[in-house]
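What follows is a short report on a single structure.
The values are calculated or read from the model by the stated rules, or taken from the named source; none is laboratory data. Note that the structure is predicted; figures quoted are calculated from it, not measured. With ideal geometry, Cβ positions are generated from the backbone for all residues, glycine too; neighbour counts draw on all protein chains shown.
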């Protein structure tokens with residue numbers, strides 16, 4: 001009887017002890033397989049309720065010669081930060097529960113990092129034509145390694161290369177080793193660095209890249225005329241820049257290579273290089289016609305006058321204005337329909353657009369990479385996002401990198417909506433999109449922008465047919481849309497397509513992403529997600545002008561979305577974020593879901609009534625000097641906000657209005673526990689605010 005009682009006592013100890021005995025099953029790389037890439041991605045099966053996972057990679061079967069290991073991984077995936085050596089290795093994983101109890105190690109899998117035989121070298125000081133010829137040869141003889149001269153210097157004028165200096169399609173098993181070389185893109189600020197399409201297993205590493213002239217300009221504001229509040233009227237002087245052919249930033253008049261690509265402008269924060277001036281509008285819609293050169297001035301001075309703009313109130317003498325060129329330009333590195341991409345140990349001091357782009361592919365790794373300010377004459381690095389992933393099956397792994405002075409978000413993960421132009425039948429829709437990525441077997445949701453509702457029946461694509469000459473696609477699927485939902489899809493084929501019902505691919509939603517141990521200071525959001533089964537972990541997000549971490553769709557303008565599930569936001573250090581107009585009524589960490597509403601003559605974003613976000617975990621973050629709210633958790637179910645610390649060393653809030661520590665709205669079954677406000681010295685409207693929320697558990 002005593003033995004039986006002990007058995008039942010052990011059985012009912014609780015799931016935290018029992019599920020730790022479930023062993024994860026290694027998935028990729030396949031046991032006994034091999035490959036050429038030194039940063040392979042390791043994945044394994046999820047263990048229900050597991051808190052984290054440990055992985056160990058060794059050169060021997062007894063795991064005494066450890067090559068790489070990681071504990072407390074919140075995702076079922078691992079990418080080694082340092083390259084693995086050539087040869088056979090062994091790996092295993094285990095699950096760990098919330099109490100620290102670990103399962104046994106999994107079965108041991110083997111994998112071989114193979115050596116590439118074809119090696120092509122690029123002599124120091126090679127011209128653009130010479131470098132391109134060597135790369136062209138290598139991609140025809142893959143597997144191949146292209147190796148630049150150690151610490152070499154390459155001033156490359158791409159001439160009429162177009163959007164990218166180097167662009168390749170259908171390449172597999174290629175390693176481009178910069179060997180710590182420096183590349184300067186000469187005379188073509190519109191030209192990006194690298195572009196790959198329909199390629200797999202690519203590694204690019206060991207480069208420092210800059211542009212001369214730069215694809216942006218910086219000016220000092222030396223006079224502000226505020227006599228007419230409806231006209232922006234300032235006088236500005238070109239700033240000096242080091243290490244360029246010209247001693248000054250690019251001229252903003254009589255300079256077609258600049259003005260033909262002119263996009264928009266914003267003010268900078270000299271006290272925090274790379275950041276936007278606090279408490280101002282997000283960006284200014286200046287155009288080339290607003291600038292007039294003042295004859296005889298050197299460095300050049302300009303009158304910048306924009307009638308109808310009320311932005312003059314944000315300008316002051318001594319401000320620094322940047323004008324970005326982003327129109328018809330290439331990004332630093334861009335990939336389309338590519339998988340298993342590694343970018344490591346790369347520094348870019350500028351970029352015509354963003355840095356690392358992956359469209360409709362998967363498994364991109366950004367390791368030890370830096371979008372950086374070259375010296376104290378630089379305040380902007382790249383003109384757009386740091387890591388930008390649209391419609392990837394596996395999201396990016398971003399580790400030990402930094403993005404300082406980017407003109408847009410640090411990391412952006414999303415899908416584009418496909419506008420529904422016709423309801424053919426309950427199992428057939430016609431959609432229009434420049435970003436079609438649906439394939440047979442993919443799943444999708446239907447989103448109604450005007451109501452914010454989502455029709456989600458686990459729709460699975462059975463066929464996709466392009467309609468020749470129409471720019472549309474007919475999508476067949478199963479199961480059929482329920483009759484009531486089908487009838488509710490009334491916004492179809494409108495002239496303003498942002499109002500149309502939209503289809504979103506839920507298979508290619510950047511799953512298993514991991515953003516770990518990076519630093520962000522950017523114009524915009526540090527990390528913005530529309531993804532699943534991933535984590536933002538142990539990052540430093542300082543002076544990001546918009547929310548440091550944001551989970552929301554952009555319904556009224558960009559048709560970016562859709563929602564997130566099983567996302568962990570853990571152990572991040574957030575300071576002085578969300579102070580621009582995108583931070584109004586937001587938290588330093590923000591979770592929301594939006595619909596569109598008509599305001600005057602245009603549609604804007606508003607909070608939707610639905611709760612599509614699920615399983616969002618916001619734990620153990622430190623948030624300092626939040627601008628309006630600490631954490632906003634809206635439109636979510638089954639989520640947790642726990643053990644976060646809030647503090648301040650300033651006297652007030654940059655954003656006006658109400659100020660909540662934790663703000664819940666339109667949530668259900670969420671738990672708030674163990675959060676610490678003892679070092680938040682500013683008076684709050686409420687420490688925890690609940691609106692339109694149900695089944696909320698608050699533990700002091």
Go through the residues of region 308-319 one by one and say whether even a single one is under 30 Å from residue 162 (Cα atoms) and either in contact with a strand residue (DSSP E or B) (Cβ under 7 Å, 6 or more places away or on another chain) or touching a residue at least 12 places away in the same chain (Cβ under 8 Å) (or both).
-> no
Do the conditions hold for residue 466, that is, is it touching a residue at least 40 places away in the same chain (Cβ under 8 Å) and over 28 Å from the mean Cα position of the chain (by Cα)?
-> no
Filtering region 513-529 down to residues that are in a loop (DSSP other than H, G, I, E, B) and either buried (at least 24 other Cβ atoms within 10 Å of the Cβ) or free of Cβ contacts under 8 Å to residues at least 60 places away in the same chain (or both) yields 513, 518, 523, 524, 525, 526
Those residues of region 677-700 that are under 22 Å from residue 636 (Cα atoms) and assigned to a strand (DSSP E or B) come to a total of 10
Residues of region 491-512 being under 28 Å from residue 383 (Cβ atoms) and either assigned to a loop (DSSP other than H, G, I, E, B) or out of contact with any strand residue (DSSP E or B) (no Cβ under 8 Å at 6 or more places or on another chain) (or both), which ones?
-> 508, 509, 510
Residue match in region 435-445 (condition: assigned to a strand (DSSP E or B), more than 30 Å from residue 273 (Cβ to Cβ) and in contact with a helix residue (DSSP H, G or I) (Cβ under 9 Å, 6 or more places away or on another chain)) = no
Residue identified as surrounded by 13 or more Cβ atoms within 10 Å (Cβ to Cβ), modelled with pLDDT of 95 or more, in contact with a helix residue (DSSP H, G or I) (Cβ under 7 Å, 6 or more places away or on another chain) and assigned by TED's automatic domain parsing to the domain that holds residue 176 among 138, 144 | 144
Go through region 602-632 residue by residue and tally those that are part of a strand (DSSP E or B) and surrounded by fewer than 22 Cβ atoms within 10 Å (Cβ to Cβ).
-> 11
How many residues are in a strand (DSSP E or B) and in contact with a helix residue (DSSP H, G or I) (Cβ under 7 Å, 6 or more places away or on another chain) if we restrict to region 548-562?
-> 0
Among the residues of region 290-313, which ones are more than 17 Å from residue 237 (Cα to Cα) and either in the same structural domain as residue 353 (by TED's automatic domain parsing) or surrounded by fewer than 17 Cβ atoms within 10 Å (Cβ to Cβ) (or both)?
-> 307, 308, 310, 313
What's the number of the condition residue 45 fails, among (1) under 19 Å from residue 30 (Cα atoms); (2) free of Cβ contacts under 8 Å to residues at least 40 places away in the same chain; (3) crowded, with 19+ Cβ neighbours inside 10 Å?
-> (3)
Close pairs from region 476-487: first exposed (fewer than 11 other Cβ atoms within 10 Å of the Cβ), partner outside any strand (DSSP E or B), Cβ under 8 Å, at least 6 apart = 483/426
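The rows are residues; the columns are (1) under 29 Å from residue 580 (Cα atoms); (2) without any contact (Cβ under 8 Å) to a residue 60 or more places away in the chain.
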residue	(1), (2)
364	no, yes
373	yes, no
395	yes, no
437	no, no
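Residues are listed down the side, and each one gets a yes or a no for (1) within 15 Å of residue 502 (Cα to Cα); (2) surrounded by fewer than 21 Cβ atoms within 10 Å (Cβ to Cβ):
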position: 405; (1), (2): no, no
position: 411; (1), (2): no, no
position: 422; (1), (2): yes, yes
position: 425; (1), (2): no, yes
position: 432; (1), (2): yes, yes
position: 438; (1), (2): yes, no
position: 463; (1), (2): no, yes
Residue count, region 345-358 (criterion: surrounded by fewer than 23 Cβ atoms within 10 Å (Cβ to Cβ) and more than 20 Å from residue 378 (Cβ to Cβ)) = 1
